[in-house]
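Visitor: Next up is a structure, given as structure tokens.
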Amino acid sequence: MTAPPKLKIATTSLAGCFGCHMSLLDIDERLFDLLELVEFDRSPLTDIKHCGACDIGFIEGGVCNAENVHVLREFRANCRILIAVGACAINGGLPAQRNHLSLPSILEEVYHTSIGLAPGNAIPNDPELPLPLDKVHPLHEVVKIDYFIPGCPPSADAIWKVLNDILAGRKPELGHGLMHYD
Amino acid sequence: MSDQLETASHPEKLRRVAIDPVSRVEGHGKVTLLLDENNHVRQARLHIVEFRGFEKFVQGRPYWEVPVMVQRLCGICPVSHHIAASKAMDLIVGAKQLTPTAEKIRRLMHYGQILQSHALHFFHLCSPDLLFGFDSDISRRNIAGVAEKYPDTARKGVLLRKFGQEVIRHTAGKRIHGTGSVPGGVNKSLTMAERNELRQDIDQIIDWSHDAVQLVKELHSQNPALYDSFGIFRANMMSLVGDNGVHDLYHGSLRGRDADGSILFDGVDYQNYGVLLEEEVKSWSYMKFPYLKSLGNKQGWYRVGPLSRVQNCDTMPTPLAEHERREFVAYGGNLPLHAPLAYHWTRMIELLSAAETIKELLHDDDITGNELMAGGERAREGVGVIEAPRGTLIHHYRVDDNDLVTMCNLIVSTTHNNQAMNEAVRQVARRYLNGREVSEGLLNHIEVAIRAFDPCLSCATHALGKMPLEVELLDATGHTLSALARSADGGFCTPD
Ligand code: SF4
């Protein structure tokens, strides 16, 4: 008997700190059980640069620049189930602290009044750098999101529960003790 | 040096190849190469493509919030930011000397973090390149492939990381983004039960760390020509060094050496980092380029992290790690090793040292003490520096009489390595890609060189730039959510 095909999972960090990815790795030895059931597609853990057709998309971080928008749309177009993981993906999180400031004022700060800069520095200006948006946005403002796992980061147990529910074909429920907003 | 590959004279005539995103590193970065019609590399750059604006939005926040807030810059080494900010804020609250319990709990937290981060970096992210080959099958070149082919190695890596995370949980309250360190001390010490739980596993962890050093040495000895030369360039180095020149990742003064190993400066109080360092901005990266002011931007850039620290110190503080350091130094014939892949070797020596240090702390009664906080005369300015897993981390704040932050300057580890990583990229591009048909495997060579530094591009993104572009973000129904353009005078504006 051949094993059933593995589900494909893609993961990425947009305007996030990678803490939610670290929490995924905090499932510790259970990672090896997970690897029996799923195969990682595009992810910081693999060298696949663009996501192919996947069952699950796992995204941490909000949307802060033009590139984030492209990656998010790529995930939505390719993933059957898209999950917003963590405070940043759900409401912008810490990076959204800049939303009440104007970008020019931040520019001013970092390149004209910041200490320790060599004289004559100019603001980075290159087509290779994606344009920042004037506000940091949660994922669901840009694409449809199927499930949300709150927390900063959500615990490894919460992530594990959601993945297991999906793998078993159940509707994910966090339930008591796993729903945290810290 | 490879200055000439930084900027091509006629970029418009060249073909662009991008590695986007750089993978199996933490954070957002990409590499662009410009090639001429004969596939000669004319330009090679590592760009940091994200920004946070942290230095600005932390202003106006109460100082005591900062150690908790700032760690959200980086979920891979949150403890580094947590502690560096706390050290700066210790000075704000006048705690020039912490209680023994507070200092040792913070050390324990920090060494737990070194252990987990070094294990993650080596086993989860880099070992696939070293075990399978730089241009091996892309579908296996990851931790899943390692788990399949070398289950024992993968398992040890996962459990080493787990132990480090557990040390953090017991000291900081949470594995990621905890709250244990506060201005003036810590908010908890270890209970006997927590201490005993960690003590139970520590000997096993030391053994596995020791195995990890042996594994790196074995890989090195299988192909010394590659390990000694891949991506090599000469550079100055900098790190904190503890009293008597001992390797110390929590506290010390700044020491620098030149590429031959001669001392450039020593015993520099990090409150004066501004006298030593200056930062340059380049148009094509959000990450700044620091250098030693005295030597200028061309000669004064330097390297930080394990490769610098292990060669900059005079001794390691623990016996097994000191034994390994001596072997490493002897391998280089008492001259500094500059090969980027030697980072892995020194990183595993530090992994071992962290495990031994954790054991010592777990047998020190102070960690279960209950004098947690110190204080003193309020100050308005403080600099906190630690050696994060990836290198020297500088946090600098000013706080007003209402307890609110008025100024913040951060130089994170990866920023110090910005020029060095770009050098490594150019060396590899020149040696492996020049004149050849670009392939995935060849491009991965460039990433192998970047990965050696263990860059954390995630926390290296607190600056902001401007681009000659316009962008509009629409919601699912086509309404504009956000838009930004560059106005005629070059400033930013929100188009209406
Ligand atoms: S939710 Fe928290 S842990 Fe996750 S990416 Fe955002 S800041 Fe990091």
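Quick grid of which residues meet (1) more than 16 Å from the ligand (Cβ to nearest atom); (2) in contact with a Gly (Cβ under 7 Å, 6 or more places away or on another chain); (3) more than 22 Å from A:Val71 (Cα to Cα):
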position	(1), (2), (3)
A:Val143	yes, no, no
A:Gly151	no, yes, yes
A:Ala156	no, no, yes
A:Asp165	yes, no, yes
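Visitor: Considering every residue within segment A:27-41, establish whether at least one is more than 7 Å from chain B (Cβ to nearest Cβ), within 16 Å of the ligand (Cβ to nearest atom) and crowded, with 21+ Cβ neighbours inside 10 Å.
Guide: Within segment A:27-41, none of the residues are more than 7 Å from chain B (Cβ to nearest Cβ), within 16 Å of the ligand (Cβ to nearest atom) and crowded, with 21+ Cβ neighbours inside 10 Å.
Visitor: While we're on this one: For segment B:139-150, name all the residues that are within 11 Å of chain A (Cβ to nearest Cβ), crowded, with 18+ Cβ neighbours inside 10 Å and either among the polar types (S, T, N, Q) or touching a residue at least 12 places away in the same chain (Cβ under 8 Å) (or both).
Guide: Taking segment B:139-150 as the starting set, the residues that turn out to be within 11 Å of chain A (Cβ to nearest Cβ) are B:139-148.
Cutting the leftovers down to crowded, with 18+ Cβ neighbours inside 10 Å gives us B:141-147.
B:Arg141, B:Asn142, B:Ile143, B:Gly145, B:Val146, listed by residue number.
Visitor: Look at segment B:255-287 and say how many of its residues are acidic (Asp, Glu), open to solvent by less than 50 Å² (accessible area, probe 1.4 Å) and closer than 17 Å to B:Ser239 by Cβ.
Guide: Total meeting the criteria: 1.
Visitor: Of (1) within 30 Å of B:Ser439 (Cα to Cα); (2) touching a helix residue (DSSP H, G or I) at 6+ places or on another chain (Cβ under 7 Å), A:Ile48 satisfies all except one. Which?
Guide: Here A:Ile48 clears every test but (2).
Visitor: Quick check on segment B:307-333: of everything there that is closer than 24 Å to B:Leu393 by Cβ and β-branched (Val, Ile, Thr), which residue is surrounded by the fewest Cβ atoms within 10 Å (Cβ to Cβ)?
Guide: My answer is B:Thr315.
Visitor: Within the group A:Ile159, A:Ile166, which residue is in a helix (DSSP H, G or I), buried (at least 17 other Cβ atoms within 10 Å of the Cβ) and more than 16 Å from the chain's Cα centre (by Cα)? Step through it out loud before you land on a result.
Guide: On the way: A:Ile159 fails: more than 16 Å from the chain's Cα centre (by Cα).
A:Ile166 is the lone residue from the list that is in a helix (DSSP H, G or I), buried (at least 17 other Cβ atoms within 10 Å of the Cβ) and more than 16 Å from the chain's Cα centre (by Cα).
Visitor: Can you find a residue in segment B:155-169 that is among the charged types (D, E, K, R), in a loop (DSSP other than H, G, I, E, B) and open to solvent by less than 40 Å² (accessible area, probe 1.4 Å)?
Guide: Filtering segment B:155-169 for residues among the charged types (D, E, K, R) gives B:155-156, B:161-162, B:166, B:169.
If we keep only those that are in a loop (DSSP other than H, G, I, E, B) as well, we get none.
No, because not a single residue in segment B:155-169 is among the charged types (D, E, K, R), in a loop (DSSP other than H, G, I, E, B) and open to solvent by less than 40 Å² (accessible area, probe 1.4 Å).
Visitor: Please tell me if A:Ala66 is away from the ligand (no atom under 16 Å from the Cβ) and either closer than 27 Å to A:Glu128 by Cβ or of a type outside the set (D, E, K, R) (or both).
Guide: yes
Visitor: Then there's this: Does B:Gly112 count as crowded, with 24+ Cβ neighbours inside 10 Å and at pLDDT 95 or above?
Guide: yes
Visitor: Still on this structure, I have one more. For segment B:245-332, which strands (runs of 3 or more DSSP E) that fit wholly inside it have 2 or more residues that are farther than 29 Å from B:Glu360 by Cβ and touching an Asp or Glu at 6+ places or on another chain (Cβ under 9 Å)?
Guide: Answer list for segment B:245-332: B:289-292.
Visitor: Here is a follow-up. State all residues of segment B:394-415 that are β-branched (Val, Ile, Thr) and either within 11 Å of chain A (Cβ to nearest Cβ) or touching a helix residue (DSSP H, G or I) at 6+ places or on another chain (Cβ under 7 Å) (or both); if no residue qualifies, say none. Spell out the reasoning first.
Guide: In the first step, residues of segment B:394-415 are kept if they are β-branched (Val, Ile, Thr); the result is B:394, B:399, B:405-406, B:411-412, B:414-415.
Within segment B:394-415, B:Ile394, B:Val399, B:Val405, B:Ile411 qualify.
Visitor: Kindly provide the set of residues from segment B:179-205 that are open to solvent by less than 20 Å² (accessible area, probe 1.4 Å) and either assigned to a helix (DSSP H, G or I) or not assigned by TED's automatic domain parsing to the domain that holds B:Trp64 (or both), ordered by number.
Guide: B:Leu198, B:Ile202, B:Ile205
Visitor: Please verify whether A:Asp182 is closer than 30 Å to B:Glu166 by Cα, assigned to a loop (DSSP other than H, G, I, E, B) and among the charged types (D, E, K, R), treating the condition exactly as stated.
Guide: In short, yes.
Visitor: Take the residues of segment B:216-238 that are under 15 Å from B:Phe134 (Cα atoms) and not in a helix (DSSP H, G or I): which is most open to solvent (accessible area, probe 1.4 Å)?
Guide: My answer is B:Asn223.
Visitor: All but one of (1) open to solvent by less than 10 Å² (accessible area, probe 1.4 Å); (2) assigned to a strand (DSSP E or B); (3) basic (Lys, Arg) hold for B:Arg398, so report the exception by its number.
Guide: It is condition (1) that B:Arg398 fails.
Visitor: Kindly evaluate A:Leu72 against the criterion of being more than 9 Å from chain B (Cβ to nearest Cβ), in contact with a Lys or Arg (Cβ under 8 Å, 6 or more places away or on another chain) and crowded, with 22+ Cβ neighbours inside 10 Å.
Guide: So A:Leu72 fails the test.
Visitor: Would you call A:Cys54 within 15 Å of the ligand (Cβ to nearest atom), at pLDDT 90 or above and over 18 Å from B:Val58 (Cβ atoms)? Before the answer, list the steps.
Guide: Working: within 15 Å of the ligand (Cβ to nearest atom): no; at pLDDT 90 or above: yes; over 18 Å from B:Val58 (Cβ atoms): yes.
Criteria not met by A:Cys54.
Visitor: Within the bounds of segment A:55-63, is there any residue that is at the interface with another protein chain (Cβ under 8 Å from one of its Cβ atoms) and under 12 Å from the mean Cα position of the chain (by Cα)? Lay out the reasoning, then the answer.
Guide: Let us first name the residues in segment A:55-63 that are at the interface with another protein chain (Cβ under 8 Å from one of its Cβ atoms), namely A:63.
Those left that are additionally under 12 Å from the mean Cα position of the chain (by Cα): A:63.
There is at least one residue in segment A:55-63 that is at the interface with another protein chain (Cβ under 8 Å from one of its Cβ atoms) and under 12 Å from the mean Cα position of the chain (by Cα).
Visitor: Inspect all residues belonging to segment A:105-122 and state whether any of them is assigned to a strand (DSSP E or B) and at pLDDT 80 or above. Write out each step before concluding.
Guide: Residues of segment A:105-122 assigned to a strand (DSSP E or B): A:117.
Applying the additional criterion that residues be at pLDDT 80 or above yields A:117.
Within segment A:105-122, one or more residues are assigned to a strand (DSSP E or B) and at pLDDT 80 or above.
Visitor: Could you please let me know if B:Val304 is in contact with a His (Cβ under 7 Å, 6 or more places away or on another chain) and either crowded, with 24+ Cβ neighbours inside 10 Å or of a type in the set (Phe, Trp, Tyr) (or both)?
Guide: yes
Visitor: Also: Please find, within segment B:334-390, the residue that is farthest from B:Val304 (Cα to Cα) out of those that are part of a strand (DSSP E or B) and open to solvent by less than 10 Å² (accessible area, probe 1.4 Å).
Guide: B:Gly382
Visitor: Name the single residue that is nearest to A:Asp33 (Cα to Cα) among those in segment A:140-171 being away from chain B (no Cβ under 14 Å) and without any contact (Cβ under 8 Å) to a residue 60 or more places away in the chain.
Guide: A:Asn164
Visitor: Going through segment B:20-53 one residue at a time, which ones are more than 8 Å from every other protein chain (Cβ to nearest Cβ) and closer than 30 Å to B:Tyr397 by Cβ?
Guide: B:Gly29, B:Leu46, B:Ile48
Visitor: Can you tell me which residue is farthest from A:Met179 (Cα to Cα) among those in segment A:75-104 that are facing chain B (nearest Cβ under 7 Å) and without any contact (Cβ under 8 Å) to a residue 60 or more places away in the chain?
Guide: Restricting to residues being facing chain B (nearest Cβ under 7 Å) and without any contact (Cβ under 8 Å) to a residue 60 or more places away in the chain, the top hit is A:Pro104.
Visitor: Moving on to the next point. Residue by residue through segment A:75-90, note down the ones that are open to solvent by 20 Å² or more (accessible area, probe 1.4 Å), in contact with an Asp or Glu (Cβ under 9 Å, 6 or more places away or on another chain) and away from the ligand (no atom under 16 Å from the Cβ). Before the answer, list the steps.
Guide: So in segment A:75-90, the residues open to solvent by 20 Å² or more (accessible area, probe 1.4 Å) come out as A:76-78, A:80-81, A:87-88, A:90.
From what is left, the residues that are in contact with an Asp or Glu (Cβ under 9 Å, 6 or more places away or on another chain) are A:78, A:80-81, A:87-88.
Scanning segment A:75-90 gives A:Asn78, A:Arg80, A:Ile81.
The values are calculated or read from the model by the stated rules, or taken from the named source; none is laboratory data. Here the structure is a predicted model, which means the values were calculated and not measured. Using ideal geometry, Cβ is built from the backbone for each residue, glycine included, and neighbour counts are taken over all protein chains shown. The area values use the complete protein model at the heavy-atom level, side chains included, leaving out ligands, DNA and RNA. Shrake-Rupley method; radii C 1.70, N 1.55, O 1.52, S 1.80 Å.
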